[in-house]
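Step one of this worksheet: look at the structure below.
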Amino acid sequence: MSMSVESIKNEIEKGEAILGIEFGSTRIKAVLINSKNEPVAQGGYDWENSLLNGIWTYSMDEIMAGLSGCYAKLKADVKEKYGITLKKLKALGVSAMMHGYLAFNNKDELLVPFRTWRNTITGEASAKLSELFDYPIPERWSISHLYQTILNGEKHIPDVAFFTTLAGFIHWKLSGKKVLGVGDASGMFPIDTKTGEYNKSFIEKFNNLIKDKNLSWKLEQILPEIIFAGKEAGKLTQEGAKLLDKDGDLEGGALLCPPEGDAGTGMVATNSVAKRTGNVSAGTSVFAMVVLEKELSKAYNGLIDLVTTPDGALVAMVHANNCTGEYDHWIKLFGEAIEAVGANVSKGKLYDSLLALALKGDKDCGGLIPYNYISGESITQMSEGRPLFVRTQKNNFTLANFMRAQLFTALGALRAGMDILFDKEHVKIDSLTGHGGFFKTADVGLTIMATAMHTPISALETAGEGGPWGMALLASYLVNGNGRSLGDFLNKDVFAGSKCSTKAPEKSDVEGFNSFFENYKKGLEIERAAIKAID
């Protein structure tokens, strides 16, 4: 049973509430939870990455403005709902999109603009490191970015004293601690799951690889310290409290859990931290996480990430850079067309109505083939993106087929990676849970995802809470775990009474997607030609 408004108000006033903040690609979200791990207030802040000199980035000013702006909206929500000012927290945690490159010198000065996961400029480094380690090192990973800067001969390399992820950077600003949760750290450099530390043999190989550069640092000296879920990772400093709350009402002293990546918070929010479970997070980008029973047999040229859960279990991660971004643009265009004829429709109804048409289209989308590559795509070996729409004169060009094709192509690169796990590694999955914007329209997202993955997909009633709620749960685990495993805490304290809906794939739908996917793979040559021909 949910708590009463008065009970929630009392908890907030006593400083018992717990906060989770997540920096996504297009939106920063904050969720405040009560002692029952239920969301009681939230805030959001929209932002967008910039392409600066060929690099996808966010400025330091944008990051800090987003942090305080998101918190301000949360604080206002608390005031509106409960008539009180948020002044004290029991615990908090920060998560963000994984990977990327934030490098600092020994004066804690940023050396080059933040390079996000979205950049596909590290192909040479990724390939060489994957071969050196015989272990998948994708282009997005922080170590790929670091090594590529060395290969490029960039001037800042001798001055690197510390590098981290976005979550690690924000946590550092709030607490003064240069640490990372093991899940986020596993997207910087490979983790030895037996020791819970960075893989020492790989570190030695990397140090030997760059030995001729005569740098003053070694890799182990510039990586963040690893902390597991459930362990304290510092306290909110007074300076950190002022960064969060520009009004100065928030007190310091709250406990911080280890900062995590959005993959880890997605696993927590969908109760997918046990072996043979998995989740699919689908929004601006899309990734599937499957908790493995054993190591993969080979590296697959870095197409499959091997990361960990927030408590250190090995996870196969299939990541595609592009998902809903392109059909967002098309739906916006259709909205403009509606306005041009003098009509008016809400954004929610526009999305629900158009996406629902996808379920009425031909099983194979009538032969229509769009490509949603706003940015490059590692799985299909595209260095850049060129959104395209391709059809022949014989195709059944209807709005229903167009929308179905947009949803299918949003999962095209993901399917290419998942085929490796299913067909080559014979990975077994007991449950796969979906969350993210792709699943907002009732039934549509679940049906299309189940079709593309040819696997039943479930959604929890809490799926809409997403990553920031997952981060708040990790902060709750810090103060309420009482020595239990993360899985035990989630099963008993969070998901014991939760409701779940599941969609199993229909054979005819799967056959339709497979037909679409064959055309999709053939048409990749068109995408490559567009990248080459059009600047």
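The values are calculated or read from the model by the stated rules, or taken from the named source; none is laboratory data. Bear in mind the structure is a predicted one, so any value in this text is a computation, not a measurement. Because the Cβ atoms are built from the backbone with ideal geometry, glycine has one as well, and the counts that use them run over all protein chains shown. The protein model used for the area step is the full one, side chains on, heavy atoms only, and it has no ligands, DNA or RNA in it. Shrake-Rupley method; radii C 1.70, N 1.55, O 1.52, S 1.80 Å.
The residues of segment 431-479 that are of a type in the set (A, V, I, L, M) and part of a strand (DSSP E or B), listed by number, are 432, 457, 459, 460.
The listed residues are 389, 408, 402, 397, and the only one of them that is in contact with a Lys or Arg (Cβ under 7 Å, 6 or more places away or on another chain) and at negative phi turns out to be 397. For segment 69-89, the condition of being modelled with pLDDT under 95 and open to solvent by 20 Å² or more (accessible area, probe 1.4 Å) holds for none of the residues.
Taking into account only those residues within segment 486-535 that are in contact (Cβ under 8 Å) with a residue 60 or more places away in the chain and among the charged types (D, E, K, R), which is farthest from residue 410 (Cα to Cα)? My answer is 493.
Of the residues that sit in segment 454-501 and are in contact with a Lys or Arg (Cβ under 7 Å, 6 or more places away or on another chain) and aliphatic (A, V, I, L, M), which one is surrounded by the fewest Cβ atoms within 10 Å (Cβ to Cβ)? Ranking the candidates gives 479 first.
Suppose we filter 265, 277, 308 for residues that are open to solvent by less than 10 Å² (accessible area, probe 1.4 Å) and more than 13 Å from the chain's Cα centre (by Cα); which single one remains? Within the list 265, 277, 308, the selection yields 308. Note on segment 15-125: enclosed strands (runs of 3 or more DSSP E) holding 3 or more residues that are under 20 Å from the mean Cα position of the chain (by Cα) are 18-23, 27-33, 39-46, 55-57, 91-96.
Evaluated against (1) at pLDDT 95 or above; (2) in a loop (DSSP other than H, G, I, E, B), residue 274 falls short on exactly one condition, (1).
Being out of contact with any Ser or Thr (no Cβ under 7 Å at 6 or more places or on another chain) and either without any contact (Cβ under 8 Å) to a residue 12 or more places away in the chain or open to solvent by 10 Å² or more (accessible area, probe 1.4 Å) (or both) is a description that applies to residue 124. Inclusion of residue 146 among residues that are among the hydrophobic types (A, V, I, L, M, F, W, C), open to solvent by less than 20 Å² (accessible area, probe 1.4 Å) and closer than 23 Å to residue 212 by Cβ is warranted. With respect to the conditions (1) closer than 23 Å to residue 437 by Cα; (2) outside any loop (DSSP other than H, G, I, E, B); (3) under 26 Å from the mean Cα position of the chain (by Cα), residue 505 lacks only one, and its number is (2).
Are any of the residues in segment 225-246 part of a loop (DSSP other than H, G, I, E, B), surrounded by 19 or more Cβ atoms within 10 Å (Cβ to Cβ) and under 14 Å from the mean Cα position of the chain (by Cα)? There is no residue in segment 225-246 that is part of a loop (DSSP other than H, G, I, E, B), surrounded by 19 or more Cβ atoms within 10 Å (Cβ to Cβ) and under 14 Å from the mean Cα position of the chain (by Cα). Among the residues of segment 383-419, those identified as under 25 Å from the mean Cα position of the chain (by Cα) and part of a loop (DSSP other than H, G, I, E, B) are 383, 384, 385, 386, 387, 410, 411. For segment 46-54, the condition of being of a type in the set (Gly, Ala, Ser) and closer than 23 Å to residue 9 by Cα holds for none of the residues.
Taking the conditions (1) crowded, with 23+ Cβ neighbours inside 10 Å; (2) modelled with pLDDT of 95 or more; (3) under 26 Å from residue 28 (Cα atoms) in turn, residue 404 satisfies each one other than (3).
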